[in-house]
1. Kindly check whether there is at least one residue in the range B:276-284 that is touching a strand residue (DSSP E or B) at 6+ places or on another chain (Cβ under 7 Å), within 11 Å of another protein chain (Cβ to nearest Cβ) and under 22 Å from B:I138 (Cα atoms).
2. Hey, any hits in the range B:724-735 for a residue that's open to solvent by 10 Å² or more (accessible area, probe 1.4 Å), under 25 Å from the mean Cα position of the chain (by Cα), of a type outside the set (F, W, Y) and at pLDDT below 50?
3. Looking only at the range A:210-234, count every residue that is within 11 Å of chain B (Cβ to nearest Cβ), closer than 30 Å to B:T270 by Cβ and in contact (Cβ under 8 Å) with a residue 12 or more places away in the chain and tell me the total.
4. Among all residue pairs at least 6 apart or on different chains, which show Cβ distances below 7 Å where the first residue, located in the range A:443-463, is open to solvent by less than 70 Å² (accessible area, probe 1.4 Å) and the second is in a loop (DSSP other than H, G, I, E, B) and charged (D, E, K, R)?
5. Identify the single condition in (1) more than 8 Å from chain B (Cβ to nearest Cβ); (2) in a loop (DSSP other than H, G, I, E, B); (3) not aliphatic (A, V, I, L, M) that A:E266 does not satisfy, given that it satisfies every other one.
6. Of all the residues that make up the range B:113-136, how many are at pLDDT 60 or above and open to solvent by 20 Å² or more (accessible area, probe 1.4 Å)?
7. Are there helices (runs of 4 or more DSSP H) fully within the range B:403-522 with at least 2 residues that are farther than 21 Å from B:N147 by Cα? List them.
8. In this structure, is A:Y287 within 9 Å of chain B (Cβ to nearest Cβ) and over 20 Å from A:T209 (Cα atoms)?
Amino acid sequence: MAECVGGSSHTMDKSITLPPDQIFRNLENAKRFAIDIGGSLTKLAYYSTVQHKVAKVRSFDHTAKEAPSDKLYEISMQEEVTARLHFIKFENAYIETCLDFIKDHLVNTETKVIKATGGGLIVCCPLHGRGCNFVLKNIPHEAFVYARHADSEFRFQTTNPDIFPYLLVNIGSGVSIVKVESEDKFERIGGSSIGGGTFWGLGALLTKTKRFDELLQLASKGQHTNVDMLVKDIYGGSYGCLGLTGDLIASSFGKSATADTDFCKEDMAKSLLHMISNDIGQLACLYAKLHGLSRVYFGGFFIRGHPVTMHTITYSINFFTKGEVQALFLRHEGYLGAIGAFLKGAEEDNPNQYSWGENYAGSSGLMSVSPEMNPLQRARSGTFDMLEMDRLERQLVNLPLLQDPSSYIPDTMDLTEDAPAREYWLYCFEEALDGVVKRAVASQPDPQEAATRAEKFCQKYRHKLQTLRHQPL
Amino acid sequence: MAECVGGSSHTMDKSITLPPDQIFRNLENAKRFAIDIGGSLTKLAYYSTVQHKVAKVRSFDHTAKAPSDKLYEISMQEEVTARLHFIKFENAYIETCLDFIKDHLVNTETKVIKATGGGAIYGLTGPVDKEDEMTCLIKGCNFVLKNIPHEAFVYARHADSEFRFQTTNPDIFPYLLVNIGSGVSIVKVESEDKFERIGGSSIGGGTFWGLGALLTKTKRFDELLQLASKGQHTNVDMLVKDIYGGSYGCLGLTGDLIASSFGKSATADTDFCKEDMAKSLLHMISNDIGQLACLYAKLHGLSRVYFGGFFIRGHPVTMHTITYSINFFTKGEVQALFLRHEGYLGAIGAFLKGAEEDNPNQYSWGENYAGSSGLMSVSPEMNPLQRARSGTFDMLEMDRLERQLVNLPLLQDPSSYIPDTMDLTEDAPAREYWLYCFEEALDGVVKRAVASQPDPQEAATRAEKFCQKYRHKLQTLRHQPFAYGSLTVRSLLDTREHCLNEFNFPDPYSKIKQRENDSALKYFQKAVKALEQLSWEDRQFALVRGVLAGNVFDWGAKAVSDVLESDPEFGFEEAKRQLEVRPWLVDCFDRWLERLKGPPHKCALFFVDNSGVDIILGVMPFVRELLSRGTEVVLASNSGPALNDVTNGELQILTERIAAMDPVIRSGLKEDRLTLVQSGSSSPCLDLRWFFSPSYPSSYRIVSTAEVCVCVCVCVPPSLSRLDKVLAMVVRERQTDLVIIEGMGRAIHTNYHAMLSCESLKMAVLKNSWLADRLGGKLFSVVFKYEVPAGKC
């Protein structure tokens, strides 16, 4: 894994430091900006247009006098301008550099508006709700269930056009619990001050480790049972009459109250992580039950791509609801605030009336910046994660003839879960690549110039296939 | 406060270290043990018996040759009652305490130690049963909620009165109990035996302690709380305004709201001070628990949420943060309730479970103010001196009452009924006055207490002890008015009675009452004759004036006891002249007269007051008139002595003698149209919610100081005649349609505002100038309040 992603530094994957002009693409046409400065990460969104070629077919005029062709239609290449949404995420330390770069490259600055959201560490829930609605509606397989020990860690949910109502639990520095009932109806029904900032703040005080990601790494190596008081520490076993198993945490940090020993950083970090995840899990369950909601999406920097936090949150939700409520995570949850802010600012353009599709070529994959998945990356200073979305020309709707749209899955085989099938098809696509390149070059009027572009395509697609081999999700 | 409690080391208050034999009392009779070993404190309960004196009256045999001129004789008898002792002490003292107990046990083979709690289990000699902790906790909680008035309170730090006690509602279920020990257990209690742990959290007291110890290097829980009470959480927490510069209006978040606990320590490079970190931690945990409790309460539709566990126990700072959190999250829909005796729940429950064959739950229990330490007496915040002491004690004693308590079925709305007219906890000037008043009257009480005893020399020593104890209680109440729940004139009077009993002065007024009864009886026939000569209308007025004038004879009121002391010939007629002339301060006489012109009442329930002139020349003629009208009469008098109030035993003898002289009373008794019942009370006041007849007084007490806590409980075989049955009979079968309440204690200090579902008559003379002033009248102003419930006019 490490090798694979590490090897991607020269590719378009953009999961590592890139020259700013490769990150902030299409700036010359950028129309509108939104910026979401979080506690540690800044999210920037802008709307731009890209030119690209489309192949068009045109019927020959068979009524014309001169030499009627024996061909049915002619093919022509045309330039088309389409709208694209760019979302870029980077560490706050790079704000100055990035904004400077953007300023320098803007053409007609007077038309641009920067919407600041987030306000640092707390969540601006209406914007997040908006962003969440947008990704849930437009990105297939946006939401997934996390199961650490299952065959496939990530189980993606099929997109259901009927996304409402749902509960959005945003775990930033604090926790905001938002009930989303429709496109425009959000309510912050709860919250908690015990969130990511608490993990970070208390973790820093306890372990003298100042970086959030390092704290998570410590936690993933620790044994919480050394610090927590378990049910069995008190009762010698389970507490049957109340249905409490012996391994249940009776008191977080309960052992440090009376023990005179020193505790190791890893154990304390793990205990802290459990404490916070369980607490949020329970609160989320209670709010979900109280409001009769079965879909709970988790987001915020505490969650963002960290398997260890997704695991503890999932565990907690399963424990408290006995499976009634599922903890769902979002592939692009880090962008929700920025997307929401952007959508709000772009209301006159009615972006919500269009359908948007994820551009796989321009988007980084899930977990591309996760230090657990890619320890090498930790050493790098600035990592950038990108999401690009193309506007589709018309709104997509369900074929009305589908018997049950919500259970409809277009794909017959899910290669994420079917390893032999995945192996076969990845191999198959890689094998076919040379043929595709050949045909692509042949389709172009200028073979010389086309060959260079075809090589770039080949590299990029091969890398994507390799990535998918290791990260099928 | 510190000075006051410090000065109590020589008293019986037991709020400081005591030699073990003063803590583990009555060990020689100990029958059953229960032990609850918690994280830091051990609670021990045992069941024992005590002997104490009771005053009995016995009618002389008037058929004997040498008839006495006295109506009855008074004798002192020894009575054995069972008692439950609860002791709380630091775990460090377990060995010493158990050794002491072992050395003093007589018949060890019968004793069983019931162990609960998560701590280690210590055996004594017998087998150790590990009882289910939660079951014990719930049992204990049900027990105190049902039996101790003002057990639950709301905490409001900045209000006039920090503690606002809830009136006892006999219907305690369902409720939510949030027990914050090391972790948090959230339990829904639906009935005596049905409860369910519906939730919990690992973020509890252990987390505060554990994380606090790691962050501040302070190992003691109490010290951590003290640190927290001095800290500024805003230095460590990230507030909404730290992020937005102000409030976040669109979400309704105020700027001061904590956005992220410890959020500032994530990025700041500064060192944080211990106090601030402890405070932030406390807020974090309290808010979290508060929110969870609210959510579970809402999810299960419960409005009463009680908080307990060592995290809460007597710590104003945790009660404050929990209350704040609950108010914040429910916007007032749910109230955070705390329990005065929360620390004993496990021990009480374990004991009750072990004593199931004795059916302790079938009895009602009353707190004995004499033997119980007040709320917060062990709080380090309230009394910093105590922190320095190693082993301190906290006590609660409760008297076991002979029957289950029931509401008077005639109360219009039992759940909203509050017996006391004035809440001295909240009314500071009234509190000042009454505490002063009771202290002033103390010498007179002591004098009469000594006079009531056969051996004045020996009695003087006991009286001095009583005097010290009661004076100390008054001093405690001056500084901690909330010590025993809501402070009222009733609780002050009851405390005095309990203290008197504690030192074996069961009835200081017995001889005075005897003298008064004897002399008043001589005028009975004359008084009746005079009344019969009046016209009907004049007679009705004279009867009412008679009751009011008779009520002036009251040793409980200082202004009157002065007159009585200096002029024992103060006569009935003179009393009438002292009365306010009409219109009275509260004057419903005309309406009462109109009512009397109508059909007679079916049955009248009359709560009588004093002995002597009051009962004999005031009440009896009034009763006689009612009987003549065809109204059945039930006379309810105190079961046990209180001041010069006539007791049921005395009233029985009196009534028999009057019946011998008067045909109306005689036929009333014979035809069962005149009935005497015990009110069950031994108080000069009257709580219409709780009726019982403790013909055998019994008590159980819990002793409390900082770390050792003794609780003593007395059990007695149940008496055969159940007053609640009598009351039910009176109300339902006799169709009681009139309740008469007489006297300042029963009609003014209590029940002045009580709404009954039938007609009621409240009669009293204001024998206290301060109270008269308060009510807008003057000394000897008359309250004659006749009320008809709406819709029954």
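1. From the range B:276-284, those touching a strand residue (DSSP E or B) at 6+ places or on another chain (Cβ under 7 Å) are B:283; that's our starting set.
Those still in the list that are within 11 Å of another protein chain (Cβ to nearest Cβ) too: B:283.
Next, from what is left, pick out any that are under 22 Å from B:I138 (Cα atoms): none.
No, the range B:276-284 contains no residue that is touching a strand residue (DSSP E or B) at 6+ places or on another chain (Cβ under 7 Å), within 11 Å of another protein chain (Cβ to nearest Cβ) and under 22 Å from B:I138 (Cα atoms).
2. Checked the range B:724-735: at least one residue is open to solvent by 10 Å² or more (accessible area, probe 1.4 Å), under 25 Å from the mean Cα position of the chain (by Cα), of a type outside the set (F, W, Y) and at pLDDT below 50.
3. The number of residues fulfilling the criteria is 5.
4. From residues that are open to solvent by less than 70 Å² (accessible area, probe 1.4 Å), the pairs are A:H463/A:D13.
5. Here A:E266 clears every test but (2).
6. Residues of the range B:113-136 at pLDDT 60 or above: B:132-136.
Filter once more, keeping what is open to solvent by 20 Å² or more (accessible area, probe 1.4 Å): B:132-133, B:135.
Of the residues in that region, 3 qualify.
7. Values: elements: B:428-440, B:442-451, B:456-479, B:489-502, B:510-521.
Those helices (runs of 4 or more DSSP H) span B:428-440, B:442-451, B:456-479, B:510-521.
8. Values: within 9 Å of chain B (Cβ to nearest Cβ): yes; over 20 Å from A:T209 (Cα atoms): yes.
The answer is yes for A:Y287.
The values are calculated or read from the model by the stated rules, or taken from the named source; none is laboratory data. Everything quoted here is computed from the prediction, not taken from an experiment. Glycine also receives a Cβ, built like all others from the backbone with ideal geometry; neighbour counts cover every protein chain displayed. Heavy atoms of the whole protein, side chains included, go into the accessibility calculation; ligands, DNA and RNA do not. Shrake-Rupley method; radii C 1.70, N 1.55, O 1.52, S 1.80 Å.
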